[in-house]
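For reference, the structure is listed below as structure tokens.
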Amino acid sequence: MTQEFEPYANEADVLRIGDLEIENRIDRVSITGDVVFTKDKVGLTLAKELQSLIGRIVKALDAEKHLPETVDLKTTETVKNPFA
């Protein structure tokens, strides 16, 4: 599940944990959506998956020797629908 997801490694990986969608980019990891941690084995599994992912994100950031103060994110560009 989250084991194949290497934070900041590429511009293609997308992972789901519950209804969370985690998008990998080389300059950021975006998490959108929501997840419910029920007080049962399913909730525990989801919590551990998210914990593992956040741990790998922190580890990747800690490993950066020259981590900038901030990263300038490009604004999204809206293009005309070529099929309209």
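Laid out as a table, the results:
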| quantity | calculated |
| --- | --- |
| Length-normalised contact order for the chain - Cα pairs under 8 Å, 6+ apart - percent | 21 percent |
| Square roots of five times the Cα gyration tensor eigenvalues for the chain, Å | 26, 21, 11 |
| Percent accessible area from carbon and sulfur atoms, the chain, protein chains only, probe 1.4 Å | 55 percent |
| Average accessible area per residue (Å²) across the chain - probe 1.4 Å, nucleic acids and ligands excluded | 83 Å² |
| Contour excess over end-to-end distance, with Cα ends at VAL71 and LYS59 and 0.36 nm allotted per residue | 2.5 nm |
| Estimated vicinal HN-Hα couplings, Hz - the stretch 10-24 in sequence order (Karplus 6.51, -1.76, 1.60; Gly, Pro = x) | 7, 10, 10, 5, 10, 10, 10, 10, x, 9, 7, 10, 10, 10, 8 |
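The values are calculated or read from the model by the stated rules, or taken from the named source; none is laboratory data. Source: prediction; values computed, not measured. Ligands, DNA and RNA are stripped out before the accessible areas are found, and what is left, the full protein with its side chains, is counted by its heavy atoms. Shrake-Rupley method; radii C 1.70, N 1.55, O 1.52, S 1.80 Å.
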